[in-house]
1. Identify, by number, the condition in (1) assigned to a loop (DSSP other than H, G, I, E, B); (2) modelled with pLDDT under 85; (3) aliphatic (A, V, I, L, M) that residue 410 doesn't meet.
2. Is it true that some residue in the range 42-58 is more than 40 Å from the chain's Cα centre (by Cα) and farther than 18 Å from residue 124 by Cα?
3. Looking at the range 3-46 only, could you name the residues that are out of contact with any strand residue (DSSP E or B) (no Cβ under 8 Å at 6 or more places or on another chain) and within 18 Å of residue 81 (Cα to Cα)?
4. Looking for whichever is buried (at least 21 other Cβ atoms within 10 Å of the Cβ) and under 26 Å from residue 114 (Cβ atoms) here; the options are 29, 20, 71. Which one fits?
5. Restrict the check to the range 356-372 and report whether at least one residue is more than 14 Å from residue 321 (Cα to Cα), surrounded by fewer than 20 Cβ atoms within 10 Å (Cβ to Cβ) and in contact with a Lys or Arg (Cβ under 9 Å, 6 or more places away or on another chain).
6. Among the helices (runs of 4 or more DSSP H) lying completely within the range 291-373, list those that include at least 2 residues that are of a type in the set (Lys, Arg) and over 22 Å from residue 392 (Cβ atoms).
Amino acid sequence: MNLCNLPLRLLIVDDEEDMLKGLKRTLALDFKGMDILTAARAQEALHLVEKESVDLVLTDIRMPDMDGLELLRRLLKIDPWLTVIMMTAYGSIELAVEAMKRGAYDFVTKPFDKEVLLRTIHKALERNSLIRENLSLQRQVGERAALKNLVGQSPPMRRLLETIHALARTNYTVLIRGENGTGKELVARAIHELSPRRGRPLVTVNCPAIPEHLLESELFGHKKGAFTNADADHRGLFDEADGGSLLLDEIGDVPVSIQTKLLRALQEQEIKPLGAARPYRVDVRIMASTNQDLEEKIRDRLFREGLFYRLNVVTIRTPMLQEIREDIPLLVSHFTQAACREMDVPLKKFSAAALEVMMARPWPGNIREMQNFVRRAVVFSPENIIRPEDLEFSGETAGPPNTAQPEGEILGGKIEPYKVAKERLVNDFTSRYVADLLEKTQGNITRAAELSGLSRVALQKILRRLSGYS
């Protein structure tokens, strides 16, 4: 591996100006093309690493404003995979060993043996290259995993995915709006998993599921003795999400009394547990979701305007299924494969006719309703091809919308029960259809199955069932 030709960046940290200049001059000769930065103070080094992409840090251990161990800790907090070599005098080798226990890659002793120094830097750069390549592959895999459940190629879905990618690079508060069943939580999870916070937790709180008198304690925590039965300190969800993200699901249902405290937490980036003497800072990215008209709730004084504007930094709207009908075949295929894996059964597929039925349904429950419907279809279909007749289960029909039937049929002035009338009419239709089918195919079951779009097994089942009515 020819590391000298790679666009690398090395940072040297030492409080001795002569040492900085000498090292920079020496390394520039052996690592041509490498960008070499210098810092005479630890704080300056931290500022550079926050601002620039650095491949390797070569730092002294003994410095006046901040020692090398503390600098190492802060550097690894900024970039946990950063490669750091410690420089030490012979008298402080034990400190260098301690630094390696805390995450440093290696150490070199002063005065330097040039060959040892160059060899150590070469190995450190090789290590950095392997780590960065591995991280890049992990990011690619992570991106695919983060978006695997957001299926679709329609223009609204493409716009949604582009927005997710753009927001993942930021730390902005996000308000996710959409109807029930449109995947708002999936969007929040994707934003988190694609963001720099992906190594930290995404904590989700279902706001309406927690009683009002408990919600403040769940969000912000409490101290022992803060109220009756508070027998121990309790960490709140903001604390659990520190360094990561917090999703406030169905934010529109949060009581106004809690909204005031939420607004303060978002404005100040700090929380105060119940019974605590003072607040403290937390590093949490806030995302919120709702299917409600928050503007109307503001007019009705049920939602604080200040909280709305604090949450509404960036808004994402998840499309309803009727807006992305062209994605239904992809969604059906995705949910079918997932259901077959869940049930550990051979892979099943929807026939073209069954897909037409799926396309015709109104899906008021959106994608969640479709997912549950597909699961039931996989359960009730006897074969690997799911056909229209397999989409009728538990008294539910998968037919097109607005096909309501009367409760009964008048026969000779008498109302026949709906189920009886339906069964009779279906049997009559099936008998005529099968008789005509067999007449045209001269009794050839295989040919009849092909023409009808049924499988041979399904057609034989129908014939056996009909024989009981003759």
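1. (1)
2. no
3. Answer for the range 3-46, where residues must be out of contact with any strand residue (DSSP E or B) (no Cβ under 8 Å at 6 or more places or on another chain) and within 18 Å of residue 81 (Cα to Cα): just 46.
4. 71
5. no
6. Output list reads 294-299.
Matching residues to (1) surrounded by fewer than 20 Cβ atoms within 10 Å (Cβ to Cβ); (2) of a type in the set (Val, Ile, Thr); (3) in contact with a Ser or Thr (Cβ under 6 Å, 6 or more places away or on another chain):
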residue: 176; (1), (2), (3): no, yes, yes
residue: 185; (1), (2), (3): yes, no, no
residue: 192; (1), (2), (3): no, no, yes
residue: 197; (1), (2), (3): no, no, yes
residue: 202; (1), (2), (3): no, no, yes
residue: 206; (1), (2), (3): yes, no, no
residue: 209; (1), (2), (3): yes, no, no
residue: 216; (1), (2), (3): yes, no, no
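Conditions tested, residue by residue: (1) surrounded by 15 or more Cβ atoms within 10 Å (Cβ to Cβ); (2) in a loop (DSSP other than H, G, I, E, B); (3) in contact (Cβ under 8 Å) with a residue 40 or more places away in the chain; (4) of a type in the set (A, V, I, L, M, F, W, C).
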| site | (1), (2), (3), (4) |
| --- | --- |
| 243 | no, yes, yes, no |
| 247 | yes, no, yes, yes |
| 258 | yes, no, yes, yes |
| 261 | yes, no, yes, no |
| 266 | yes, no, yes, yes |
| 277 | no, yes, no, yes |
| 286 | yes, no, yes, yes |
| 289 | yes, no, yes, no |
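The values are calculated or read from the model by the stated rules, or taken from the named source; none is laboratory data. If you're wondering where the values come from, they're calculated on a predicted model, not measured in any experiment. Quick reminder, even Gly has a Cβ in these numbers, built from the backbone with ideal geometry, and neighbours come from all protein chains shown.
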